[in-house]
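Chemist: For reference, the structure I am asking about is given below.
The values are calculated or read from the model by the stated rules, or taken from the named source; none is laboratory data. As the structure is a prediction and not an experimental result, all values here were calculated from the model. Here Cβ is always computed from backbone atoms with ideal geometry, including for glycine, and neighbour counts include all displayed protein chains. Surface accessibility is based on the protein's heavy atoms, side chains included, excluding ligands, DNA and RNA. Shrake-Rupley method; radii C 1.70, N 1.55, O 1.52, S 1.80 Å.
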Amino acid sequence: MTDQVTPNATSDPDVLAAILRSPPARASRPPGPPPVEAPASVELTIDGVAVSVPDGTTILGACGEQGIDTPTLCYVENLTPVNVCRVCVVEVAGSRVLVPACSRKVEAGMDVQTDSERVRLSRKVVLEFLGSSVDLSLTGPITPDRSIAAYAQRYGADATRFGPPGQPSAAGERDRLESGHHHGPTGDATAATVAQPTKIDNELYVRDYSKCILCYKCVDACGEEAQNTFAIAVAGRGFDARISTESAVPLPESACVYCGNCIGVCPTGALMFKSEYDMRESGTWDESAQTVTDTICPYCGVGCAVSLHAQDDRIVKVTSPTDSSVTDGHLCIKGRFGFEFVNNRPKV
Amino acid sequence: MDLHVVGPLASPVERAAVDAILGAPESGWVGGARDSGTDGHASSGGHALRARRSQLLPALHAVQSRIGWISTPALNYICKRLAVAPAEAYGVATFYALYATTPRPPVVAHVCDDIACRLAGAEALCGDLTRSLGPAGEPIGDGRATWLRSPCLGLCDLAPAALFTTAGERPVMVSAAPVDSAGIAARLESGEGSARPAPVGRQAERGDLRLLRRVGIVDPGSLDDYRASGGYRALARAIEIGPDRVLEEVTASKLMGRGGAAFPTGRKWAAVAAQSAQPHYVVCNADESEPGTFKDRVLLEGDPFATVEAMTIAAFATRASLGYLYIRGEYPEAEWRVTNAIDRARAAGLLGGDILGSGFAFDIELRRGAGAYICGEETALFESIEGKRGEPRNKPPFPVEIGLFGKPTVVNNVETLANVLSIVTDGGESFAQIGTEGSTGPKLFCLSGHVAQPGVYEVEFGATLGDLITLAGGVPGGRAIRTILLGGAAGVFVGQDALDMPLTFEATRAAGATLGSGVIMVFDETADLVDTLRRIAQFFRDESCGQCVPCRVGSVRQEELLARLAAGSRVRSREEELILLREIGQAMRDASICGLGQTASSAIESAFRQPGMVNL
Ligand SMILES: Cc1cc2nc3c(=O)[nH]c(=O)nc-3n(C[C@H](O)[C@H](O)[C@H](O)COP(=O)(O)O)c2cc1C
Ligand code: SF4
Ligand code: SF4
Ligand code: SF4
Ligand code: FES
Ligand code: FES
């Protein structure tokens, strides 16, 4: 560092020239943020390899840094992990049971196995449990590069082992199930499912709970993690548990404000734009023919980042990047659904 | 939150029931006069109001027991009073089996059809009721009554059992056992019937009994009698020696939790005492719902002051000022006894602001469960007290750090707490002399099924399984034992060869068995074990909270698999089906969030391991 040079201390032109070339430090500065201490690092072993990651990292994060691909279903970056699907479990030495990688933080000296026999069996059976009870055909749209079928193959999951699917429920039937005594299986060698008709009760989005894996994402996004509307919650218990509005009323009678944040976090396609649903029904939905344009919502001054998905020159759905510092992936009804005016513009 | 509540208004009766619990509303905005069909939005009332969320279950109970079911307007009224979103409240109400969210007659017989009662003819009884009264759940006659099936009611020693609930201005809840179909029909008709016997001391030799010594002898309603028989000596002693010494004594006693998980009580207490976060809570887990378990009921009905005194000592040692006693919703007699004990202790200055003049302040709030086995799991129990669905939390963090309302919490079983009294009066060292190296003190066992004298028996740790069956009079009619279920539905079946096994934590663990909650259910050669296994599978299917995939779906697949084996309609070969059963079990055990899913296959798998036990 050069010697401190103070203005007014000299009139020597050389010195003045030097000052002009490198201005002196300002006498006072606005206070900056306190220095951020780099988090201490934690040493652990993953699949026998010594690893060092910052304190506070999850096992999932540490695995990711090692290039180990871990299946996840109920985990999304912009919501607190609920660790309920259990497809991400790993074996930690000293732990009686397997632990969820998505929520468990690393600890010094941890010895993690991500591909042991126990891990493979649990991941396989969990995928079979889901595959035999839920329609997973669209599961994974928020992580398009990792399809559930690839994982099923990796772990040798065969969802047909429990027998052919049982009878689907009639509309509203599952909404009325009471906790306690269920009607037990008859021994007809079928596997119970959550299949039921799609709930179509408004023009903006549909709810096909045949595809719901009960990952709690929509509930958390509607509630205290994003929207604070609390229009939906889990009702019932056990296999009869379901996402429900108050007293299972249709959406227009519920507290829903159609922000669509539940759609944005749903990993299974159970919640879907009506526009997408209609196109899928008529066979015109074609993701390969779609463009995605990132822009800013035109409505208010917040400046939410929106991604417009367009097909055949029409906006077919709107998402927001989960890593946007403005939205965290969440929008309101205007940004989410207020695009009809674009689609309806007069052709010039 | 912008609370959105619309729809028809709650009836005056529904409102009055809620107001009786919550107090009259302070302003029109929380559901009073200004409320109308068009005024859909209520002010949320801020933090203070939302902090009342934990009143949700008491408010739901109030409507359920006044009307017999919880209508949407009544639910909405509760939501306004407590600033809870209606969808959330609906999620809570539909979680618990004792709440009905669709119309249900005011008079209900809950008839136990669980494993011990099945051995006593419960299925035939339900068949009789179906023929004479109609199918379960259907209104009978003028629609005033109905009957429902119920999981174990904790009356297995008197099987078959039933619980009667009458909603109304003066709600009635009473259990009865043994019952028959004529008696049930008569009670549904008239509301009259004889009371079931109070718990008695089963053991002839009462001299050495510690936990049961007052049961059936001392009037459970009288504080004076409790004190005259040694009650509140332990608390006085605790105050004399101070909290740190109490912790030392409990640690020295090597007392292990009796609620099923066998965790050292001293370690738990010391961990909570050391936490700097405030306040600390003490929770007594009286949600006893493990099929075959009724020891806590006997303690609460027969010696309720002991639980109150022990909770006070736990609070003193761990520096807590508020305790919750969470009692199973199907235990009306025990609840009544405990309520009385708390009231009398408070009136005598044994609870409240200045206990025994020591300056130590502590009080107990009683909370009633609402029909959910899972709420016996400690973190689900916290959620339930907080007014939520009883979904277990992921651990870590553990309750000693983050427990009830996010604060350090001691949670103990009723029987665990009962042991604390003699530990404090006689010293931890002397307690540790009782029993074996790894299992100290006295232990209660619940004997039921095919034994001559079912009931709760107290022994010192070290007694064998055979000793206990002998204490209960052996198998009636000289029949041979086929198998014995240890530890309840979450336990394991053992055979004749286990009769010499000491019932200690270490010996059962070594044998791959478990003590669990102290269940010893005996099945003789006449028992239909396939029927028992299917009922156990049904139990877990019914009681799974549904949060995690392995247990939510696994419990269904396990039940289906047993059903198709029983029906002879296998999907694959028998061998492949049995491999599948094992894999279902392993995934539930390894990947489930909580102990329910982790043990849901335990008894069933153990039955298949016993040669020749299950013919499927
Ligand atoms: C599904 C399930 C049900 C349980 N039910 C009870 C119960 O009814 N009573 C009880 O004391 N503990 C029960 N437990 C154990 C509690 O989680 C907890 O370990 C216990 O209350 C701690 O008290 P202790 O240390 O005195 O045993 C249950 C655990 C599980 C997983
Ligand atoms: S659209 Fe918004 S308000 Fe409606 S349920 Fe979804 S998250 Fe909740
Ligand atoms: S609807 Fe979607 S987000 Fe909601 S629980 Fe089901 S799968 Fe998860
Ligand atoms: S194991 Fe069963 S009871 Fe426990 S959290 Fe999972 S679903 Fe709920
Ligand atoms: S992704 Fe970890 S439990 Fe679902
Ligand atoms: S009371 Fe019926 S099985 Fe326990």
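Chemist: What is the residue count in the range A:78-91 for residues that are β-branched (V, I, T) and either within 16 Å of ligand 3 (Cβ to nearest atom) or open to solvent by 10 Å² or more (accessible area, probe 1.4 Å) (or both)?
Modeler: Here is the first cut: in the range A:78-91, the ones β-branched (V, I, T) are A:80, A:82, A:84, A:87, A:89-90.
Now restrict to residues that are either within 16 Å of ligand 3 (Cβ to nearest atom) or open to solvent by 10 Å² or more (accessible area, probe 1.4 Å) (or both): A:80, A:82, A:84, A:87.
Total meeting the criteria: 4.
Chemist: Within the range A:270-305, how many residues turn out to be part of a loop (DSSP other than H, G, I, E, B) and under 24 Å from the mean Cα position of the chain (by Cα)?
Modeler: Residues meeting the conditions: 7.
Chemist: Out of the residues in the range A:169-199 meeting the condition of being surrounded by fewer than 18 Cβ atoms within 10 Å (Cβ to Cβ) and among the hydroxyl-bearing types (S, T, Y), tell me which one is nearest to the other protein chains (Cβ to nearest Cβ).
Modeler: Ranking the candidates gives A:T186 first.
Chemist: Which is open to solvent by less than 10 Å² (accessible area, probe 1.4 Å) and of a type in the set (D, E, K, R), of B:R297, B:R337, B:R319, B:R346?
Modeler: Values: B:R337 fails: open to solvent by less than 10 Å² (accessible area, probe 1.4 Å); B:R319 fails: open to solvent by less than 10 Å² (accessible area, probe 1.4 Å); B:R346 fails: open to solvent by less than 10 Å² (accessible area, probe 1.4 Å).
Result: B:R297 is the single residue among B:R297, B:R337, B:R319, B:R346 that is open to solvent by less than 10 Å² (accessible area, probe 1.4 Å) and of a type in the set (D, E, K, R).
Chemist: Okay, next question. Being within 30 Å of B:F540 (Cβ to Cβ) and open to solvent by 20 Å² or more (accessible area, probe 1.4 Å) is the filter here; which residues of the range A:219-237 pass it?
Modeler: Answer for the range A:219-237, where residues must be within 30 Å of B:F540 (Cβ to Cβ) and open to solvent by 20 Å² or more (accessible area, probe 1.4 Å): A:V219, A:D220.
Chemist: Given the residues B:G168, B:G154, B:G143, which is the only one that is under 19 Å from the mean Cα position of the chain (by Cα) and in contact (Cβ under 8 Å) with a residue 24 or more places away in the chain?
Modeler: B:G154
Chemist: Looking at (1) open to solvent by less than 50 Å² (accessible area, probe 1.4 Å); (2) out of contact with any Pro (no Cβ under 8 Å at 6 or more places or on another chain); (3) within 20 Å of B:A600 (Cα to Cα), can you tell me which one B:L468 breaks?
Modeler: For B:L468, the exception is condition (3).
Chemist: Which members of the range B:74-127 meet the condition of being hydrophobic (A, V, I, L, M, F, W, C), in a loop (DSSP other than H, G, I, E, B), farther than 21 Å from A:A231 by Cβ and open to solvent by less than 10 Å² (accessible area, probe 1.4 Å)?
Modeler: B:A100
Chemist: In addition: Among what's in the range B:545-571 and is open to solvent by 10 Å² or more (accessible area, probe 1.4 Å) and more than 29 Å from A:V234 (Cα to Cα), pick the residue that is farthest from ligand 2 (Cβ to nearest atom).
Modeler: Per the stated criteria, the residue is B:G568.
Chemist: Within the range B:531-540, identify whether any single residue is without any contact (Cβ under 8 Å) to a residue 60 or more places away in the chain, polar (S, T, N, Q), open to solvent by 10 Å² or more (accessible area, probe 1.4 Å) and in a loop (DSSP other than H, G, I, E, B), and answer yes or no.
Modeler: Checked the range B:531-540: no residue is without any contact (Cβ under 8 Å) to a residue 60 or more places away in the chain, polar (S, T, N, Q), open to solvent by 10 Å² or more (accessible area, probe 1.4 Å) and in a loop (DSSP other than H, G, I, E, B).
Chemist: Moving on to the next point. Taking the condition of being within 25 Å of B:I239 (Cα to Cα), of a type outside the set (D, E, K, R) and either within 16 Å of ligand 5 (Cβ to nearest atom) or under 24 Å from the mean Cα position of the chain (by Cα) (or both), how many residues in the range B:324-361 meet it?
Modeler: Of the residues in that region, 8 qualify.
Chemist: On to the next question. Could you count how many residues in the range B:567-603 are more than 11 Å from chain A (Cβ to nearest Cβ) and charged (D, E, K, R)?
Modeler: Qualifying residue count, the range B:567-603: 2.
Chemist: So A:A233 fits all but one of (1) farther than 22 Å from B:Q558 by Cα; (2) touching a residue at least 40 places away in the same chain (Cβ under 8 Å); (3) more than 7 Å from ligand 3 (Cβ to nearest atom); what number is the exception?
Modeler: The one condition A:A233 does not meet is (2).
Chemist: Continuing with this model, one more query. Given the condition farther than 16 Å from B:L533 by Cβ, more than 25 Å from the chain's Cα centre (by Cα) and in a helix (DSSP H, G or I), answer yes or no: does some residue in the range B:560-578 qualify?
Modeler: Yes: the range B:560-578 contains one or more residues that are farther than 16 Å from B:L533 by Cβ, more than 25 Å from the chain's Cα centre (by Cα) and in a helix (DSSP H, G or I).
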